[in-house]
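Right, one structure below, let's go through it.
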Amino acid sequence: MTPLLWGLVAIQIAMGVFDTFYHHEFTERLAWRPSQRHELNLHGVRNMLYALLFLVLGWLEVHGAFAVAVIAVLVVEVVITLMDFVEEDLSRKLPPSERINHTLLAINYGAILVLLLPVLMGWAFQPTGVKPAYVPWLSIIAAACALGAALCGARDFAAAKRLGRMTEAPAAHLAEKLPPRQTVLVTGATGFIGRRLVASLTGAGHHVIALIRNPAKADMLPPPITLITSLDQLPDDARIDAIVNLAGEPIGNGLWTDDKRREILASRVNMTNEVIKLMARLERRPAVLVNGSAVGWYGLWQDQVLSESAKSHVCFSHELCEAWESVAQRAEGYGVRVVCLRIGLVVGTDGGFLTRMLTPFEFGLGGPMGSGNQWMSWIERDDLVRLIVHAIARPDISGPINATAPIPVTNGKFTEELGRRLRRPAIFRIPAALLHRAAGDLADELLLGGQRVIPNKALSSGFVFRHETLRSALGAIL
């Protein structure tokens with residue numbers, strides 16, 4: 001084991017640690033994605049092999065059959081890595097940074113094999129035996145790396161086992177209230193909410209027309225569906241019974257600079273304008289437009305209970321939702337019923353705000369934000385899909401409707417329930433001043449501010465929530 005070889009191994013370890021924590025844990029959150037169960041099992045086996053290699057090569061010089069066994073482990077590791085590449089391509093779309101990192105890992109690992117295999121082949125032709133090969137500091141570091149790899153492997157196996165219990169229920173029953181063979185146009189179809197809505201509609205035998213800006217995301221949606229990349233592709237005689245407009249730039253994935261605010265606003269207003277233009281030229285107009293909005297329409301409040309008749313406080317969230325709803329209301333001029341969903345925080349494990357909380361909470365680093373007294377009006381994702389279907393099916397529902405569970409909770413209560421469900425403490429409070437300094441208005445409105453919203457219109461129309469309490473929702477999805 002030469003210094004050059006150990007240097008390449010150190011580079012491999014550094015890139016592997018970056019890939020594991022930055023990609024697998026924090027950005028891709030593989031441990032909470034049921035679709036990645038097989039990938040996690042492959043990662044677990046590979047990490048255990050790494051642990052064995054670090055321990056053996058860091059402390060021993062192996063000869064004969066033992067050297068052959070180490071070569072066999074290296075071959076198995078290569079096979080598992082190739083299987084992992086195939087699994088990743090089949091089950092998820094890797095971000096560019098992860099693809100680049102994987103390429104560098106493969107190149108560096110190839111260089112390691114070029115230097116290591118001749119050494120092992122030389123050892124293989126010697127009589128079978130083991131000699132101590134302690135190198136100050138390097139052997140200690142190798143042992144630490146072996147321990148880290150083993151812990152990561154155990155984490156991968158445990159996460160994969162958990163994902164085996166987190167099987168998602170079939171979606172077809174969520175759309176059972178619709179009349180048969182409806183044609184529904186869905187914008188934002190590949191989003192966190194849109195994916196589940198499309199799955200429920202297709203599963204129940206309805207025809208879905210999905211507007212997708214990025215064709216590469218088409219495989220996220222279950223067939224059979226009609227895919228379009230522009231509403232101009234629909235002919236004037238197209239039959240559409242309902243439109244669900246959910247498209248819009250995410251509001252929580254970057255600081256609210258002036259450019260970001262304009263992008264967030266334009267993405268919603270422009271898309272909704274395109275929907276109105278489509279209605280204007282259709283020979284047979286849809287019966288209903290279910291348009292996205294958010295509880296941010298009400299602005300920032302303290303403990304006041306907010307129903308659909310409540311007034312608003314001015315802030316960016318209100319201005320955004322007000323502009324979005326105002327454009328959608330123009331559809332009424334074409335005889336289309338309009339429902340504006342004022343959506344709360346949507347609870348689910350493969351998207352939305354909860355996914356950003358799971359990893360820190362799982363490692364015992366979760367806790368309230370600021371005082372923890374701000375209200376969080378939430379809704380479980382399947383309940384939201386059912387409410388969308390309910391709004392389509394009920395001709396007596398129009399105007400704004402609060403898409404939130406009947407029992408909102410404070411941020412402190414939310415973190416307490418999440419910690420309880422994960423069996424982890426939730427004691428690391430994030431100071432409000434720190435959040436404000438880091439994220440400005442985004443933190444003030446989305447993290448530190450809140451609304452205590454209740455779904456009066458949904459309840460009075462006969463809608464029944466399957467998850468009225470946060471404990472029930474978390475118990476169903478985690």
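Tabulated data
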quantity	calculated
FRET efficiency, 1/(1 + (r/R0)^6) with R0 30 Å, evaluated for Arg213 and Ala280 via beta carbons	0.90
Estimated FRET transfer efficiency when R0 is 25 angstrom, pair Ala323-Asp258 (beta carbons, to 0.05)	0.95
Rounded accessible area per residue of the chain, 1.4 Å, Å²	45
Note, ³J(HN,Hα) from phi for segment 285-290, Karplus 6.51, -1.76, 1.60, rounded to Hz, x at Gly and Pro	7, x, 6, 8, 10, 9
Contact order normalised by residue count of the chain, Cα under 8 Å, 6+ apart, percent	14
Gyration tensor verdict on segment 269-375 (Cα atoms; rounded if a/c is under 1.5, prolate if a/b is larger than b/c, oblate otherwise)	prolate
Helix 65-91 vs. the chain, principal-axis angle (Cα, 0 to 90°, nearest 10)	10
Vicinal HN-Hα couplings computed from phi for segment 113-128 (Karplus, 6.51 cos²θ - 1.76 cosθ + 1.60; Hz; Gly/Pro x)	5, 4, 7, 7, 4, x, 4, 5, 5, x, 5, 5, 8, 8, x, 4
Where Leu341, Leu90 fall by accessible area, highest first, once all protein chains stay in place (1.4 Å)	Leu90, Leu341
Burial ranking of peptide ranges 330-337, 201-208, 31-38 (average Cβ count within 10 Å, highest at the top)	201-208, 31-38, 330-337
Binned Cα-Cα distances of segment 278-317, short to long, each 5 Å bin given as a whole percent	5, 17, 21, 14, 8, 9, 13, 7, 3, 1
Within segment 458-477: backbone nitrogen closer than 18 Å to the Glu176 label point (7 Å, Cα to C-beta)	462-468
Rounded to 10°, Cα long-axis angle of helix 138-165 versus longest principal axis of the chain	40
Distant-in-sequence amide H partners of Leu306 (H built 1.01 Å from N, under 5 Å)	Arg452, Val453, Ile454
Surface accessible to a 1.4 Å probe, Ile13 within the full protein complex, Å²	50
Rg(Cα)/(2.2 N^0.38 Å) for segment 347-478, N = residue count	1.12
With DNA, RNA and ligands ignored, accessible area of Arg284 (1.4 Å probe; Å², nearest 10)	120
Per-peptide average of other Cβ atoms within 10 Å, ordering 261-273, 51-63 highest first	51-63, 261-273
Gyration tensor (alpha-carbon) shape descriptor, segment 28-132, a/c threshold 1.5	prolate
Nitroxide proxy distance, nm - points 7 Å out along Cα→Cβ at Ala266 and Phe428	3.8
Over the chain, volume per residue of the alpha carbon convex hull, in Å³	159
Vicinal HN-Hα couplings computed from phi for segment 302-307 (Karplus, 6.51 cos²θ - 1.76 cosθ + 1.60; Hz; Gly/Pro x)	9, 9, 5, 7, 10, 9
Heavy-atom accessible area ranking, 1.4 Å probe, most first, across His43, His436	His436, His43
Segment 123-235, Rg to Rh (Cα coordinates; Rh as Kirkwood inverse mean 1/r)	1.39
Nonlocal amide H pairs with Thr410, under 5 Å, H built at 1.01 Å	Met376
Contact order relative to length of segment 4-158, as percent, for alpha carbon pairs under 8 angstrom and 6 or more apart	47
Percent carbon-and-sulfur accessible area, the chain, ignoring ligands, DNA and RNA, probe 1.4 Å	63
The chain: angle of helix 3-18 to the longest principal axis, Cα-based, in degrees nearest 10	20
Under 5 Å, built H, 5+ apart or other chain: amide partners of Ile343	Ser293, Ala294, Val295, Ala403
For the chain, share of DSSP beta bridges that run antiparallel, in % to the nearest 5	15
Computed helical MRE - 222 nm, the chain, DSSP H runs ≥ 4 contributing -39500 (n - 2.57), nearest 500	-16000 deg cm²/dmol
Solvent-accessible area of Met357 with every protein chain in place, 1.4 Å probe, in Å² to the nearest 10	20
Calculated FRET efficiency for the pair Lys161/Ala287, C-beta based, R₀ 45 Å, to 0.05	0.45
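The values are calculated or read from the model by the stated rules, or taken from the named source; none is laboratory data. Predicted model, so just to flag it, every value in this text is computed and none were measured. Please note: Cβ atoms are built from the backbone with ideal geometry, for glycine as well, and neighbour counts cover all protein chains shown. In case anyone asks, the SASA skips ligands and DNA or RNA and just uses the protein heavy atoms, side chains included. Shrake-Rupley method; radii C 1.70, N 1.55, O 1.52, S 1.80 Å.
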